[in-house]
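See below for the structure under consideration.
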Amino acid sequence: MAALASTDRLARTSSAHRTSSATGRPGATWALPGLLFFLLFAVVPMAAVAYLSFTDWDGLGTPRLNGGANWSRLVHDPAIVHATVVTFVLLIGNIVVQAPIAILLGVWSAGPERNRAALSTIFFVPLLLSTAATAVMWRQLLDPNFGVPATLPWLFGGDGNFVGTSNGAIVCLVAVTSWQFIPFHTLLFQASARAIPVTLYQAAEIDGAGRFRQFRSITLPQLRNTIITSSTLMVVGGLTAFDIVLVLTNGGPGTDTATLPFRMYQEGFSSYDMGYASAIAVVLLALSTGISLLLVRVTGYDKMQSTLEGL
């Protein structure tokens, strides 16, 4: 009995020690590398950009404080207002096109049939290309003199310079961006759809629910968290998209596709006004963070405990 009592005390002591180690200070040290990484590569650059937004700097000399001159210019600059509108038009267009297609493809590719696996592999090919390479490829394909418009003029109409028109350039940017990034979001929805318990569909079939009813009442609610995550990534990616605009349209025709990131590039690396470019960067950061937080708050994503909640 004494031996058993001693063993029991030893087990309780060991358990208490493990609990203390897991919840006390030693366990917190595991978070230090991540915190240091975030501090070094996120907080410090953001603070530096915020400081530069109050300076005059050409990128070479010493930054000189100019008070709020950059911000006053930013508020009264019609080009920034236009760029903001263009940015949100492209953002909304990308979400409207990408989200439904990615959900449908993701759910479809989650099926067990062998042909779906082969076709899914083909769908994911655009994801392997860089954005710059994708933009160069489509710029050549849409060239009115040597590309598809020259070969199939009836498809584009007019002189075939579809990218040379305001609406055409917007449509091309949305189409090319969607072509490249739909596979990524499809992959997210495919993984999420495969995690849905089969018993839910079996019970729905017993109750007489068809495929559309199952998709609406089971699949979409179970994909809620993934939809919010995917939408957040689309928002952040859409607000910071730059290279595809630079390569495919160069902000044209005129300034019709000049987005906020493109304007930031022009001010910083064409006009060498790093202070004003930093102010635009701060606006982009605030927009991305604010919309992402609003999306999480409105959808209740931060309060969800499980994808099976409510079942």
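Computed from the coordinates by the stated procedures, all read-outs in this text should not be read as laboratory data. Here the structure is a predicted model, which means the values were calculated and not measured. Backbone-built Cβ (ideal geometry, glycine too); neighbour counts: all protein chains shown.
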- Item | For ASP273, distant residues with modelled amide H under 5 Å away | GLY268
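Please report the relative contact order for the chain, taking Cα pairs under 8 Å with a sequence separation of at least 6, and give it as a percent rounded to a whole number.
Once normalised by length, the contact order is 27 percent.
Taking the beta-carbon count within 10 Å as an exposure proxy, list SER72, SER292 from fewest neighbours to most. List each step's numbers first, then the result.
Values: SER72 12, SER292 16.
Starting with the residue having the fewest Cβ neighbours, the order is SER72, SER292.
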- Task: Before rounding to the nearest 500, sum -39500 (n - 2.57) across all DSSP H runs of length at least 4 in the chain and divide by the residue total; then give [θ] at 222 nm in deg cm²/dmol.
- Result: -20500 deg cm²/dmol
- Item | Relative contact order of region 49-172, pairs being alpha-carbon contacts under 8 Å that are 6 or more residues apart, as % | 9 percent
- Note on the structure: Going from the fewest other Cβ atoms within 10 Å to the most, one would list ILE196, ILE182 as ILE196, ILE182
- Message: For a quick check: with amide H placed at 1.01 Å from N, whose amide H comes under 5 Å from ASP56's, ignoring anything fewer than 5 positions away on the same chain?
- Response: ARG64, LEU65, ASN66
- Item | Rg and Dmax of the chain, Cα atoms only, in Å | 26.1, 97
